[in-house]
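Derivation of every value follows stated rules applied to the coordinates shown; laboratory data play no part. Quantities reported herein were computed from a predicted structural model and do not represent experimental measurements. Note: ideal-geometry Cβ built from the backbone for every residue, glycine included; neighbour counts use all protein chains shown.
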Amino acid sequence: MIKVRKLSMRLTGGGRMVTILDAIDLDVPPGQFVAVIGPSGSGKSTLLGLIAGLDRPTSGSVELNGINLNGLSEDELAVMRGRVVGIVFQAYHLIPTLTALENVMVPLELTGDRDAEARGREWLKAVGLDERARHYPAQLSGGEQQRVAIARAFACRPPILLADEPTGNLDQTTGRLVIDLLMRIRKEQGTTMVLVTHDADLASWADRVITLVDGRIARDQQGTPAP
Amino acid sequence: MTPMVITRRNGPGIRVLLAMAWRETRGSFRHFLFFLACIALGVGALVGVTGFSAGLEQTIRKEARALMAGDVEVRTNRPLSEAGEERLESLRARGVRRTAVSELVAMASNPKTGDTQLVELKAVEEGYPFYGLLATEPVGAVGTLNDPSTALVEQGLLVRLGLHVSDRIKVGRTELTITGVLTKEPDRIAGAFSLGPRLLISQRALAATALVQPGSRVRYRALLQLPAGLSATDLAGELKKSFVAADGAEVNAYDDAQPRLRRFLSNLTTYVGLIGLIALLVGGIGVANSVQAFMRERLDTLAILKCVGADSRTLLKIYLLQTLLLGALGSLAGVLLGLALQGLLPDLMSGLLPVRVERSYALMPMARGAAMGFLTALLFALWPLLGIRRVPPARLFRREVSEEAPMTGGDGRVPLWKRSGNRSDRSQWISALFIITALAALLLWQIGSLRIGAVFLGVLTLSLLVLGGSARAVMALVRRIAPRSLVLKQGLANLYRPGSQAATAILSVGVGVTVIVAVVVIEASLMRQIHDNLPTEAPSFFFIDIQRDQQEAFKRFFAGRHLPVELTPIARARVQAVGDQTVSAMKLDGQPDAWYFQREYVVTVQSSLPKGNQIVAGSWWGAGAASSTPLVSVEQEAAGHLGVTVGSTLTFDLQGRLVTATVASLREVDWGSLTTNFFVIFSPGALDETAMTAIATVRVPPSEDLAMQRAVVAAFPNVTAINIRHVLDAIGAVLTRLGQVVRLMAFFTVGTGLLVLAGAIATSRYRRLREAVILKTLGATRGVIIRIFAVEYGCLGATAGVIGSALASLLAFVLLHFFLELPWSAELVRLSAGVFGATLLTILTGFLATYRILGQKPLAVLRQE
């Protein structure tokens, strides 16, 4: 369950105050898939980052599964992410010096999982990359890198998955494959998902579509997910 | 739903942390080569010196009996008193064997040619040496040692006097037959400094020379060999009690293992070790740089790890483990390098040591050196590693977060001390204080002396502040220069652009320049003092041991040659009491002033104040006014150490006779004048009853040196002529030897400085590559890019050279002027060489670190972007 209350983010840029998010209220029930769309600079990625506890809001609060992020220190936020949130980025953000398998193992190892390697392999298999376990990110295609990132995001079976333009760097066909994979695993795991995208087609897959304009929710549309 | 509670979990175990640390290292091993090399070089320098010192100690302890040639030695500067003799004789009943050794300097000559040579004469008797090997060529010559008509000599003496084995040599009033060449003498400690070659004769031959007269300068050594079951230490302790007071004797047991020699060598290795320590500290700067650059490259990785659940503590553990592994690896390499250096030092120090030093594989110096390297790496890496806490995971979303900020102290380029006092700043202050304190403690631990350590730390801190401050000032100045040439503009801009490592590079190279230039300048000043700066009125000869009945003849001898001669009566004395307190009752062990109470003073009687002396307190006795009670004038510094002032009384032991005198004045003495100067001068009549010899100083044109020496020796066989020039040459030779060792160590510091420089330049490789490629696409030739780099490296080197040389000059001035009280000269040639050398080496190192950039094809690089 994600609960966002009066969430605002203001930054100072070029000597003036810029409002990125303006008093956002949002409730996402468990298992729901929410797509956040909107033009560039509307605050989509910032909202996602604040929900992930990657940054502090200027005001307002975020609650994940009953935990108010405002009360957590930076380190507690990191621990919370390891348990509660999986993140998929547009630019994949794999660690370049680690192999595909090692990248997937990292969150498992951080939680002290003794079977990190075996579970990492399972997840690589789940995303169809078990043959590429020993390859480094630079040796993988963009689509493969994003599949590794998805495996990593789901590795600890988090109740919430946050995805920031996961197909933004991919061609249409590869993007479609990646989305299929994301959807399949989300369904299997029953994960709550917030996905930020420019792609209206992709958004149409969601249970609910929120449109952000100038840091405010311009539209909150409950929809029927695409097949 | 029940809210989840976030608690700090135990996190990953050590196995996982190690695996993560290894994964982070394996892909960046080339990056860490500088880290490893910096630590290895520093540890190598330390282990080399401390291992050598341990080997020396080990050798001296092992050879202790041979180095003494006995179990116990009783050493005096005059023949033993009757009571003393009886005391030693009584030991025979306990099975103790005894042999007497006398050592003095004297003149030897070739009776056929009249050529003369100052020799270190040693007279021995049956039984010598009790331990160790006395070797001669031919071997059988050792057997002739107790023959009163023969002598054994060092090869050098044969060469200098044009003599051969079986020729005759004249010593004092007698002639002896040379039966062999001395090749090994167990107890000749004075390896570092000797006045002349050895002449070894029997005690009976010494008596025949008539060299030993009352007041002659002779060192008497009674060597004892103990029966099994009698402890040398116990007997020495027993003898100390009965001898010190009566005979002014120094008693040593062999297992004290040459305390004086060891103290000298330990001081030497401590000071040489300090230079090694500087090398390690410069290496530490390299480590900090390397880790900081690595962390900067890893900002994204750190943010990703934080996104997937790593807290700062876990990340800090991973990178600390990595540092520890690298520190251990670098230290291990350093230990191996140190062992190699240890092999070099004995050859470099061969002329300074009485023994052939065994290579030591003692674990302690190695472990200590490795621990120093390990901890230095850790402490220097800690500050950049602490920046991990400030890496925002949000940087993966928002790129406008400064790339520099997290690793340079949080708030971009605002220095720590200028920031407001929030909680995070306070914790940074605490971290910084912890690191500095721990480093200081580490240095003190290595140096092992609070006093030397404190001075070292003080000088080091000041030097670093001066170097760092000057480097920043130069950068600020360069920023104001606006040259029109593209090459100059780009080259200079490289020095101050964001992320520039110029200040660190200047600091590191500057420290190396400071050390090497300071060493060279001080050595040059000392050598200049020895060879070129003799006062014009300095005498060319000292004549010693002129007996009372020879003094008139001696004066006539020189008057006949129209050479002014100055005779000064002297006697040897020890301080017996200061006021009412006897020296034997004072607790002087380990006191810095002890030397002033325990040394033997050469004292004189003068009616008028000697030239170059100035009264600073009290008044000089009037000429011809003999006081009813003896008066003394004491050199002001000695007076300070002895704790006496005008009106105090001092009791001297003058060869068994006690004389109590009142301090009438304190004097300032110009010791650099090289004339006969004295700590203690008695008033006329005070020493009438003391057997006094005379010393004389004569100034002879250099061309007449040899002839004069021959004539004096022929006329006064017992008088020893000491040629000042030769003595100074001998001191110069020792200084040169020492200089070689110190310079070798200083090169380690320079080497580490250059490594830090290379590392700093390498960290900006990608930026340089990008810029070079863009310039190439805009039409710049490879020559232009080379010139841009040359301007940058040249400026770095020249700045480090100028600041380092200036600081070296200042340090040399402080040491020479305030501590050695010697004149300081600017040594402009050497300082210029320092600046030029630093510039050249920096340019070379810079190009070695970047030459590959020059050949890169633009398109390949631009595609990668």
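Across chain B, Cα-Cα pairs farther apart than 49 Å form 37% of the total. For the peptide A:114-120, the mean number of other protein chain Cβ atoms found within 10 angstrom of a residue's Cβ is 1. Between amide H atoms placed 1.01 Å from N, distances below 5 Å from residue B:198 occur with B:120, B:154, all of them 5 or more places distant or on a separate chain. May I ask you to derive the relative contact order of chain B, considering only C-alpha pairs under 8 Å and at least 6 residues apart, and to give it as an integer percent? Computed value for chain B: 18 percent relative contact order. Using a cutoff of 8 angstrom between alpha carbon atoms and counting only pairs six or more residues apart, the relative contact order for the stretch A:1-95 works out to 30 percent. For the stretch B:211-219, 3J(HN,Hα) computed residue by residue from phi via the Karplus equation (6.51, -1.76, 1.60; θ = phi - 60°) reads 6, 8, 10, x, x, 5, 8, 10, 9 Hz, glycine and proline entered as x.
Each Lys and Arg Cβ is given +1 and each Asp and Glu Cβ -1; about its Cα centre, chain B then shows a dipole of about 5140 debye.
Have a look at the DSSP beta bridges in the protein assembly as shown and tell me what percent are antiparallel, nearest 5. Beta bridges within the protein assembly as shown, antiparallel portion: roughly 75 percent. Shielding value for A:50-63 is 2, the average number of Cβ atoms from other chains within 10 Å of each residue's Cβ. The helix-only estimate of mean residue ellipticity at 222 nm for chain B, built from DSSP H runs of length n ≥ 4 each weighted as -39500 (n - 2.57), is -17500 deg cm²/dmol after division by the residue total.
Seen from a random direction on average, the alpha-carbon convex hull of chain A projects onto 12.6 square nanometres. A prolate overall shape is assigned to the stretch B:612-715, the ratio a/c of its alpha-carbon gyration tensor axes (a ≥ b ≥ c) being 1.5 or greater and a/b exceeding b/c. Counted by Cβ distance under 15 Å from residue B:147, the other residues give a net charge of -1, where Lys and Arg count +1 and Asp and Glu count -1. Within 10 Å of the Cβ of each residue in B:390-396, the mean number of Cβ atoms contributed by other protein chains is 5.
The eigenvalues of the Cα gyration tensor, multiplied by 5 and square-rooted, give the protein assembly as shown an equivalent ellipsoid with semi-axes of 82, 30, 27 Å from largest to smallest. The relative contact order of chain A, computed from alpha carbon pairs under 8 Å that lie at least 6 residues apart in sequence, is 28 percent. What you get for the stretch B:486-638, charging only the Cβ of Lys and Arg (+1) and of Asp and Glu (-1), is a dipole of about 480 debye around the Cα centre.
Near the amide H of residue B:576, under 5 Å away, which other amide H atoms are found, from residues 5 or more places off or on another chain, if H is placed in the peptide plane? Hits under the 5 Å cutoff: B:651, B:652, B:653. Qualifying trypsin sites (Lys or Arg not before Pro) in the stretch B:263-360, where qualification requires a DSSP coil assignment and no more than 11 other C-beta atoms within 10 Å, comprise B:356. Karplus-based coupling profile of the stretch B:19-24, in residue order and whole Hz: 4, 5, 4, 5, 4, 5, with θ = phi - 60° in 6.51 cos²θ - 1.76 cosθ + 1.60 and x standing for Gly or Pro. Seen against the Cα atoms of chain A and their longest principal axis, helix A:100-110 is set at about 60 degrees. Karplus-based coupling profile of the stretch B:140-157, in residue order and whole Hz: x, 4, 4, x, 8, 4, 8, 6, x, 10, 10, 8, 10, 10, 7, 3, x, 5, with θ = phi - 60° in 6.51 cos²θ - 1.76 cosθ + 1.60 and x standing for Gly or Pro. Computed from Cα atoms, the angle from the helix A:142-154 axis to the main principal axis of chain A rounds to 80 degrees.
Let me make sure I get this right: for the stretch B:143-226, a, b and c are the square roots of the gyration tensor eigenvalues over alpha carbons, sorted descending. Under 1.5 in a/c it's rounded, otherwise prolate if a/b > b/c, else oblate. Which is it? Taking the square roots of the gyration eigenvalues as a ≥ b ≥ c, the stretch B:143-226 is rounded.
Once Rg and the Kirkwood radius are both taken over the C-alpha atoms of the stretch B:95-162, their ratio Rg/Rh works out to 1.01. Taking amide H as placed 1.01 Å from N in the peptide plane, residue B:167 has its amide H under 5 Å from the amide H of B:178, each at least 5 places away in sequence or on another chain. Hey, if you put +1 on the Cβ of every Lys and Arg and -1 on every Asp and Glu Cβ in the protein assembly as shown, which of B:669, B:567, A:66 ends up farthest toward the positive end of that dipole? So the residue we want is A:66.
The loop-placed GluC sites (Glu not before Pro) in the stretch B:536-600, going by DSSP, include none that has at most 10 neighbouring Cβ atoms within 10 Å of its Cβ.
Result for chain A in a Gaussian network model with C-alpha springs under 10 Å: among A:90, A:146, A:172, the largest mean-square fluctuation is at A:172. One equal scatterer on each Cα of the stretch B:708-804, no solvent, Debye formula: the resulting log10 I(q)/I(0) at q = 0.11, 0.15, 0.19, 0.25 Å⁻¹ is -0.61, -0.83, -1.01, -1.23. Between the helical axis of A:116-126 and the longest alpha-carbon principal axis of chain A there is an angle of about 80 degrees.
With the highest mean first, a sort of the peptides B:724-735, B:96-107 on other beta-carbon atoms found within 10 angstrom per residue produces B:96-107, B:724-735. Let a ≥ b ≥ c be the square roots of the eigenvalues of the Cα gyration tensor of the stretch B:586-668; is it rounded (a/c under 1.5), or, if not, prolate (a/b larger than b/c) or oblate? Judged from the Cα gyration tensor, the stretch B:586-668 comes out prolate (a/c at least 1.5, a/b above b/c). When chain A is treated as a GNM with alpha-carbon contacts under 10 Å, the residue of A:87, A:24, A:150 showing the greatest mean-square fluctuation is A:24. Work from the charge dipole of the protein assembly as shown (Cβ charges, +1 for Lys and Arg, -1 for Asp and Glu, about the Cα centre) and give the residue of B:51, B:104, B:464 farthest towards its positive end. Positive-most Cα among the choices belongs to B:464. Of the residues B:691, A:88, B:84, the one whose Cα sits farthest towards the positive end of the charge dipole of the protein assembly as shown is A:88 (charges of +1 on Lys and Arg Cβ, -1 on Asp and Glu Cβ, taken about the Cα centre).
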